[in-house]
Structures are given as structure tokens and as C-alpha cells.
1. Under 19 Å from a label point 7 Å along Cα→Cβ of A:VAL243: give me every residue in segment A:186-222 with its amide N that close.
2. Using DSSP, restrict attention to beta bridges with both residues in the protein assembly as shown and report what percent are antiparallel, rounded to the nearest 5.
3. Starting from one equal scatterer on each C-alpha and no solvent at all, send me the Debye-based log10 I(q)/I(0) for segment A:264-355 at q = 0.23 Å⁻¹, two decimals.
4. Can you give me the relative contact order of segment B:4-71 as a percent, contacts being Cα pairs under 8 Å and 6 or more apart?
5. Take every residue in peptide A:156-163, count the Cβ atoms of other chains within 10 Å of its Cβ, and give the average of those counts.
6. Subtracting the Cα-Cα distance from 0.36 nm times the residue separation, let me have the gained length for A:ASN293 to A:ARG105 in nm, one decimal.
7. Averaged across orientations, what area in nm² does the convex hull of the alpha carbons in the protein assembly as shown project?
8. What list of ³J(HN,Hα) values in whole Hz, one per residue of segment A:252-257 in order, does the Karplus curve 6.51 cos²θ - 1.76 cosθ + 1.60 (θ = phi - 60°) give from phi, with Gly and Pro shown as x?
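Every read-out reported here was derived from the displayed coordinates using simple, explicitly stated rules and does not represent laboratory data. Remember, predicted model here, so these are calculated numbers, not experimental data. Virtual Cβ from ideal backbone geometry, glycine too; neighbours counted across all protein chains shown.
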Amino acid sequence: MNFIFRRKRITGILTVLPANERSFLEEMKNFNFPEARSLKLKEVMGYDKRRLVKPGVCVSDLAVFGLQHLFDRGVLNRDEIDALLLVTQSPDHFIPPTSNIIQGRLGLKPDMLCLDINQACAGFVVGLIEAFLLLEQESVRKVVLINGDVLSRKTSPKDRNIYPLMGDAASLTVVERDAEDSVIHANLKMDGSRHEALMIPAGGFRLPSSPETAVLEDAGDNNLRAKDHLRMDGSAIFNFVQVEVPPLIESLLASAGASMDSVDYFLCHQPNRFMLQKLADKMKVPYAKMPSNVVEHFGNGGGATLPIAITFNLANRLRNGHCQVCVAGFGGGLAWASMLMRLGGLSCCEMIEFP
Amino acid sequence: MKALPEILKEIRPEFDFTVSSDFIADGMLDSFDLMTLVATLDKTYGISIQGTDIVPENFKNLQTIGALLRQCGVQA
């Protein structure tokens with residue numbers, strides 16, 4: 001599905017990372033694998049440091065902290081937010097929506113839309129599409145898109161498939177109308193028939209959490225996880241990304257009439273370094289134009305990793321200039337989406353720590 | 001240049017890769033081992049095995065890995 005948006009732009013990006021840092025070297029003793037094998041994995045995948053919330057910290061805590069920072073710095077006025085979109089797979093509660101909780105905690109005006117969107121690693125692009133659609137309405141002038149997850153709380157420390165890569169994070173992206181005649185192209189695809197490749201089997205209404213769903217089980221690969229835990233079919237996800245993402249981006253550029261060379265940066269979701277470098281090789285994109293350094297510093301924080309890649313690698317450039325960027329997110333659902341836009345002149349492009 | 005069995009032995013020293021015809025089914029290589037193996041082969045032979053070729057069928061045994069390497073231009 002293709003989208004075209006006119007006169008819309010991102011005006012600020014803030015990423016919020018927990019101050020609590022963990023090290024792969026310290027954690028690898030938890031895994032049921034020889035140390036040498038884990039060290040090879042560290043080298044290939046780029047596992048090193050990651051940021052995790054402390055027990056009890058929820059997505060709304062990261063979001064409220066970030067929004068308050070934007071208010072205090074004068075980047076954003078609390079009364080000008082017409083819509084708060086929260087893309088998360090780790091809501092504070094089933095009911096009510098976490099975006100309403102954030103609105104209430106900050107005392108935002110009632111005359112606004114709060115909307116939770118359950119999307120995963122494609123969530124930054126999906127959220128931007130929703131934000132741009134809302135901005136077509138006369139009454140909506142400013143949207144704050146929040147991508148946040150604390151899924152480390154749902155991973156098994158004895159699952160080497162997923163535990164060493166998970167991070168917690170939130171990002172806040174301010175989206176509004178553009179006075180210039182700008183054009184943004186986007187496309188997305190979804191395939192629910194492959195939903196089991198990345199899922200938490202228990203805890204919803206299909207399989208409520210119980211003492212049985214909390215029992216650690218060996219899946220036959222030396223990893224121990226419970227049905228309450230996030231699980232990933234690594235091979236299926238890897239293959240999905242390599243097969244689906246390059247044609248998605250090629251199709252986006254063709255729709256926009258843009259060449260690969262016209263793109264300054266390909267900013268992708270950050271699952272691990274190996275996957276991104278293989279993607280870059282496939283697309284014949286130099287590694288310098290496709291950063292893959294988020295996992296090694298912060299871990300994979302779901303939909304927030306793409307904005308983290310932006311604030312971590314391009315902050316100065318985007319505060320003082322502009323770039324042509326192609327952003328691409330892909331993951332659970334399955335869902336994959338990309339967007340081509342001119343990004344820059346940001347009033348805020350910053351990373352902060354949640355204590 | 002290291003031979004393929006030697007490279008495999010460095011990744012999983014506990015196995016003899018010359019006697020199995022299906023490393024995946026025999027539990028000698030898991031999905032993360034495949035990524036370690038691909039990274040090592042890329043570095044050793046100066047190639048980049050395509051991501052879409054990183055599927056279990058191509059890593060079943062010495063013959064299938066050899067065929068993949070030849071496809072990448074390695075003189076095996």
C-alpha cells in the first residue's frame with residue numbers, strides 16, 4: 001500500500017533511554033551455552049551494552065518524563081498537542097489506553113485525541129503514517145508520536161535468542177504541517193499469516209497467564225523460556241527481512257521517482273548489526289549510509305530504535321541542516337514499512353536518560 | 001586459507017563435520033551458529049553471502065556449503 005503526504009514534516013525528535021546499563025559479558029553466564037560460542041555471537045551480532053528499565057518502570061513513565069522535558073525546554077507547549085499517538089506492545093494496562101494515562105498524568109487538554117497503536121518494530125513508520133493522516137484534519141495542527149516499549153520485562157534471562165538483544169526505550173516525535181510544499185512518500189505491507197514468528201503466547205484473552213504459563217520450558221535449542229515470555233523465530237525473522245525489505249524500499253524509491261544515490265541515509269529498525277549489514281550488502285548501500293550501531297550501545301528497543309538511530313547518529317546534522325532519508329521499519333505482525341522524506345531543521349534532536 | 005571443516009570445527013569444536021550429511025537436523029548448527037559461520041566465511045573468502053541465501057538448506061552439509069561458496073565465486 002502506497003501513501004503520499006504533502007506539507008507535513010517532523011519538527012523534533014527526543015529519545016529517552018533508561019540510565020540502567022547492562023553488559024552482555026556480565027549476562028552471558030546466564031545462557032546455557034559455552035562462553036566461546038556466546039563471545040562469537042557478540043562479535044557477529046554486535047551485542048554489548050543495552051539499556052533496561054528498573055523493575056516497575058512502565059512505558060508511560062518514560063513518555064511522561066520525555067514530554068515534560070520537551071515542555072521544560074520550550075520545544076513544545078502542552079496546550080498545542082492535538083493528538084497523542086502511542087505505539088507500544090507493552091501497555092501499562094489492558095484498560096485504559098496508556099496514551100490516556102499519559103494525557104492524564106500531564107494534565108493535557110481534553111480536546112485532543114489519545115490513541116494506542118499495537119505495532120512493533122515497524123511502529124515508527126506506521127505511527128508517522130497515522131500522524132500525517134490526522135494532520136489532514138483542520139482541527140489537528142500538532143501530533144506527538146510516542147514509540148515506547150519495556151519488553152525486557154517480558155524476556156527470559158535464559159533465552160539467548162532474544163534476551164541479549166532486548167532494550168527498553170521511548171521516543172517522542174513531534175509532527176506538524178510544513179509551510180513548504182514538501183512531499184513524503186511511504187509504503188507498507190503486512191502479513192498476519194506469519195504472526196507466530198514474534199509473539200508472547202500467553203497473557204492475553206486467548207491464553208491467560210497462569211502458573212503453568214510461567215514455567216520455563218526448553219524449546220529444544222538449549223534456550224529456556226515460558227509462554228509468558230516474548231519469543232522470536234530468529235531464522236524466520238532474518239529471512240523475512242532479507243526477502244521483503246529490499247523490494248519494499250526499491251518500490252518506494254520508484255514511486256517517488258528517486259534514485260538510491262539521492263538518499264543520504266537509509267535509517268532502519270535496529271535488530272542487530274549482522275542483519276543490517278546483510279541488508280546493506282543486498283541493497284548495495286555503503287555501511288556509512290545505513291547505521292547499524294544502536295544494538296551495541298542500547299539494545300533493540302522495538303519501534304524506538306529507528307528514532308534512536310537518528311538522534312544517536314545525526315543529531316547535529318539534523319539540527320543545523322537537512323538530509324534526504326529513507327526510514328524503514330520491520331518486525332512483529334509481520335509488518336514492514338518505509339518512508340522517504342527530507343528531514344532536518346529540527347528544533348530538538350536529542351537523547352536523554354531516564355534515571 | 002582454512003578448509004571448511006576446520007572453520008566449522010572452530011564454531012562447534014565438539015562435532016566432527018565430516019561424518020554428518022545434515023548439520024541442522026543433527027543439531028550441530030543452530031540459527032546463531034549459521035550467522036557466525038556466514039560472518040566467518042565472508043571474512044575468510046572476501047565475499048558477502050546474500051542474506052536471502054542464509055537458509056538451512058544451504059548449510060546442511062559440506063557439499064551444500066561448498067556449492068554456495070562456488071556460487072559466490074569461491075574456487076573450492
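1. A:188-199
2. Restricted to the protein assembly as shown, the bridges split so that about 65 percent are antiparallel.
3. Log-scaled intensity ratios, in q order: -1.27.
4. Working: 50 pairs, mean separation 23.4, N = 68.
Computed over segment B:4-71, the figure is 34 percent.
5. What the average comes to for A:156-163 is 1.
6. Numbers: separation 188, 0.36 × 188 = 67.68 nm, distance 3.38 nm.
That pair, A:ASN293 and A:ARG105, stretches by 64.3 nm at full extension.
7. Details: hull surface 84.2 nm².
For the Cα atoms of the protein assembly as shown, the hull's average projected area reads 21.1 nm².
8. Taking θ as phi minus 60°, the curve returns 4, 5, 5, 4, 7, x Hz for segment A:252-257.
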